[in-house]
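**Q** Below is one structure. I have some questions about it.
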Amino acid sequence: MNTTTGSHVSRVQLGPFPPAAPSDPGAPHVLRARVDVDASVVEGPLTRVWESIGYDEINWTYTPTGRRLLRKFADLSHGGYHVRPHYVFCSGSGFGIPHWGSGNVYHEDDEGKPYYDFTIVDQAYDAIVGAGHHVLVELGFTPRDLVPPEAAELTVTPSPTVYTSYEAGTWGYPPRDYGRWAGLVEALVRHCLERYGETEVLSWLWELWNEPDINYWRGTPEQFNELYTVTARAVRNVLPNAKVGGPTVTSGGLEFLKGFLDYTSSRNEPLDFISYHTKGCRFPTREYRPIGSRPSERLNPSSTKMLYDLREFNRAIAEYEPYRDLPAIVDECDAAVPAHFGRYDNRNYEFQNTEYYPVFQVKLMKKILDLNASEIVQVQRATSWSFYFEGERFFEGTRSFLTAGGIEKPFLNAYRMLSLLGDERIRATSDAAWSVRALDDTDGSSMPEEVDVLASRAGNGTLTALVWRHIDDQYHTSELETTVNLSLRNLEGRTYRVRHYRVDAEHSNAHTVWRALGSPQDPTGEELAEITARQGLEEFEPARTVEADAGGVSFEISLPLPAASLLSLEPID
């Protein structure tokens, strides 16, 4: 192991995007749109890029709330999500707090001999696999007994949450002994094979570290590359067909990624997927203004910035011919950072409570599919770094699927809508849609208001059309609804049962109900029942049957801003 201290390669901000998108109260609205679905044109399999979640707090995986949430996602999957927790190798007591956790696997006895304890890891992975999901194994970080001598340079004053310098960051140093690290990795793979079986473990992704281009990694790029070689070989020594990859850089880590790919390609290192991250914004957090006051500046996430990141990374990967067919795993793909900040830190995080966020997410996933249709390198998974947080107030505004009391936030209903899509993508167009081709000439502006559509067909012939109205500005609303004329052509059946689902301020929205009740922080049993009654995906109107005259059917939909409607047409003749 090379222990020479060095600095990271330079971080590169991609494109002309600001840290967060400003609000524009004068931006034009879309008042009419025409949406056309041609059921005779199949554009290929619908890649379920959204079927992945991740989070920092590995020890909340196996709490009763964590287990229930994993089971909810099992109901929304077509074969299980990939689930990626941090901190599996970190030493600790197994007590989770925001942005920290520990698997506590690696130990050395009095004579310096390694031994392993999988008690905590078993609970986490049992919960994931037991719910029908698959682990995206993030192999990190350095256990306390493998921290190198140079970690002594990092000193901190202990506090109630930072007990020692280890919790403060010495876990980010390269392990002092790469051989012992390899033994740890091999032990984990072997243990998982014995516990879950080869068929299951072959579906997992094995990834080294997290965001090594920032202070998660306190070594050099050269040390990281060397550790990748050690890690990939250790995984493959136990499971020769395991899927290994990396380097999980931030959106500022393009040069780090290129250096990593230079290294792996020149040495023919094992590499089955390439991973990186993107975020839509970072607010000037923790303003500590009076509760309920406006933020100092109205700011928003930018889906345009995220899509630009994805395209630039995928085009960089495509320059390496051996890697063009490898899947891109965007295993943190989120509107804002950090996950554990909410509306009390900065009011701009309020969008994570409201209908704005699920519609944003539906739109983002469709545009990722559009990029896949036009680029060489394909995104296979776009992970939402979201789970839940213990000890929150109701609707804290953190990036999570649940709020206090296990109440579902509107964000979860984006995933319910996406789960209703079939396995084939059907051609669908909107005359009011923003195109990913606009990335060619972007000036850093966020996505304007649009109406767009994603359509699909299932094996039983059910057609779905997911239509939304959205703008990358949580503060720019409209009293006028958009009239959408939706036409579906070249249908094979004659009679269809139509179900219409809706996410907006008045539908599929526990947050709106909570606000209407006065935002109680100690809701009564009756209030809780009223809130939870509206937390799931709701139908906008009663189901009905329609006749497809001449192979077609049309609907007129009225969409507030923001809103998403999903129409499902099941053939019944």
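The values are calculated or read from the model by the stated rules, or taken from the named source; none is laboratory data. What you see is a predicted model, and the numbers here were worked out from it, not measured in a lab. Here the Cβ positions follow ideal geometry from the backbone for every residue, glycine too, while neighbour counts run over all protein chains shown. These area figures cover heavy atoms from the full protein model, side chains too; ligands, DNA and RNA do not enter into them. Shrake-Rupley method; radii C 1.70, N 1.55, O 1.52, S 1.80 Å.
**Q** What ranking do 529-535, 560-566 get when scored by the average of other Cβ atoms within 10 Å per residue, highest first?
**A** Descending mean neighbour count gives 560-566, 529-535.
**Q** A follow-up question, please. Defining a contact as two alpha carbons under 8 Å apart and six or more residues distant in sequence, what relative contact order in percent does the range 415-542 show? Before the final figure, lay out each step's value.
**A** On the way: 135 pairs, mean separation 26.8, N = 128.
Reported relative contact order: 21 percent.
**Q** Next up: Which percent of the accessible heavy-atom area of the chain goes to carbon and sulfur, probe 1.4 angstrom?
**A** Using a 1.4 Å probe with all protein chains present, the chain comes out at 47 percent carbon and sulfur.
**Q** Further, regarding this structure: Which is farthest toward the positive dipole end of the chain among P247, P410, W209, measuring Cα position about the Cα centre, with Cβ charges +1 (Lys, Arg) and -1 (Asp, Glu)?
**A** Checking the options against the dipole of the chain, the answer is P410.
**Q** Oh, and also: So what does the Cα-only Debye profile of the range 196-291 read at q = 0.15, 0.22 Å⁻¹, as log10 I(q)/I(0), no solvent term?
**A** The computed values of log10 I(q)/I(0) come out as -0.64, -1.11.
**Q** Quick one: check the C-alpha center-to-center distance for the range 254-275 versus the range 475-539, whole angstrom.
**A** If you average the Cα positions of each part, the centres end up 45 Å apart.
**Q** Follow-up. Can you tell me the length gained on complete extension of the stretch R427 to R34, counting 0.36 nm per residue apart and subtracting the Cα distance?
**A** This chain segment gains 140.1 nm when fully extended.
**Q** Right, next: What accessible surface, in Å², does a 1.4 Å probe find on I557, ignoring ligands, DNA and RNA and rounding to the nearest 10?
**A** Surface open to solvent at I557 totals about 10 Å².
**Q** Which translational diffusion coefficient, to the nearest whole µm²/s, is obtained for the range 140-195 from the Stokes-Einstein equation, given a Kirkwood hydrodynamic radius over C-alpha pairs, 25 °C and 0.890 mPa s?
**A** 197
**Q** Tell me, what is the 1.4 Å probe accessible area of T155, in Å² to the nearest 10?
**A** 110
**Q** Another question, then. Working with all protein chains in place, sort E312, E43, E450, E492 by solvent-accessible area computed with a 1.4 Å probe, largest first.
**A** Of E312, E43, E450, E492, the descending order of accessible area is E492, E43, E312, E450.
**Q** Leaving ligands and nucleic acids out of the surface, order D75, D177, D122 by accessible area at 1.4 Å, largest first.
**A** D75, D177, D122
**Q** Can you give the charge dipole size of the chain about its Cα centre, rounded to the nearest 20 debye, using +1 on the beta carbon of Lys and Arg and -1 on the beta carbon of Asp and Glu? Walk me through the intermediate numbers first.
**A** Numbers: 54 positive and 81 negative charges, 65 e Å.
Computed about the Cα centre, the dipole is about 320 debye.
**Q** With a cut-off of 8 Å between alpha carbons and a minimum separation of six or more residues, what is the relative contact order of the chain in percent? All intermediate terms of the calculation are to be shown ahead of the outcome.
**A** Details: 1299 pairs, mean separation 105.7, N = 573.
Taking the mean separation of contacting Cα pairs over the length of the chain, I get 18 percent.
**Q** Can I ask one more? Write down Rg/Rh for the range 170-211, rounded to two decimals, with Rg from the C-alpha atoms and Rh from the Kirkwood relation over Cα pairs.
**A** 1.05
**Q** Along the positive direction of the dipole of the chain (beta-carbon charges: Lys, Arg +1; Asp, Glu -1; about the Cα centre), which of A336, A131, V42 reaches farthest?
**A** The Cα lying farthest towards the positive end belongs to V42.
**Q** Looking at T155, Y356, G112, which one has the Cα that reaches farthest to the positive end of the dipole of the chain (charges on Cβ: Lys, Arg +1; Asp, Glu -1)?
**A** Of the candidates, Y356 comes out farthest on the positive side.
**Q** Using unit Cβ charges (K, R positive; D, E negative) and no other charged atoms, how large, in debye to the nearest 20, is the dipole of the range 1-110 about its Cα centre?
**A** Dipole about the Cα centre, nearest 20: 420 debye.
**Q** Once you've got the Cα coordinates, tell me which of K72/K367; K305/K363; K113/K243 are over 22 Å apart.
**A** Pairs exceeding the cut-off: K72/K367; K113/K243.
**Q** Next up: Could you work out the Rg to Rh ratio of the range 319-403, with Rh taken as the Kirkwood radius (inverse of the mean 1/r over all Cα pairs)?
**A** 1.09
**Q** Let me ask something else. Give the ranking of I291, I97 by solvent-accessible surface, highest area first, calculated with a 1.4 Å probe.
**A** Of I291, I97, the descending order of accessible area is I291, I97.
**Q** Further, regarding this structure: Taking Cα pairs under 8 Å and at least six residues apart, what relative contact order does the range 204-251 come out at, in percent? It would help to have the intermediate numbers written out before the result.
**A** Values: 50 pairs, mean separation 30.0, N = 48.
Relative contact order for the range 204-251 comes out at 62 percent.
**Q** When the Cα atoms of the range 1-120 are enclosed in a convex hull and the volume is divided per residue, what value in Å³ results?
**A** Details: hull volume 37.3 nm³, N = 120.
Spelled out: Cα convex hull of the range 1-120, divided by residues, is 311 Å³.
**Q** Simple spin-label model, 7 Å along Cα-to-Cβ: D573 to R267 in nm?
**A** 6.5
**Q** Just the number please: accessible area per residue for the chain, 1.4 Å probe, all protein chains included, in Å².
**A** 38
**Q** Pop out the ³J(HN,Hα) list for the range 545-556 in order, Karplus 6.51 cos²θ - 1.76 cosθ + 1.60 with θ = phi - 60°, rounded to Hz; leave Gly and Pro as x.
**A** 10, 9, 9, 8, 5, 6, x, x, 8, 10, 9, 10
**Q** What are the radius of gyration and Dmax of the chain, computed over its Cα atoms and given in Å?
**A** Reported Rg and Dmax, both Å: 24.0, 82.
**Q** Another question about this same structure. List every residue whose amide H lies under 5 Å from the amide H of R343, counting only residues 5 or more places away in sequence or on a different chain, with H placed 1.01 Å from N in the peptide plane.
**A** The answer is G397, T398.
**Q** Given the convex hull over the Cα atoms of the range 412-493, what projected area results after averaging over all orientations, in nm²?
**A** Orientation-averaged projected area of the Cα hull: 7.5 nm².
**Q** Another question, then. Return the FRET efficiency for the residue pair T199, R315: r is the Cβ-Cβ distance, R0 is 30 Å, and the value is rounded to the nearest 0.05.
**A** So, using R0 = 30 Å, E works out to roughly 0.25.
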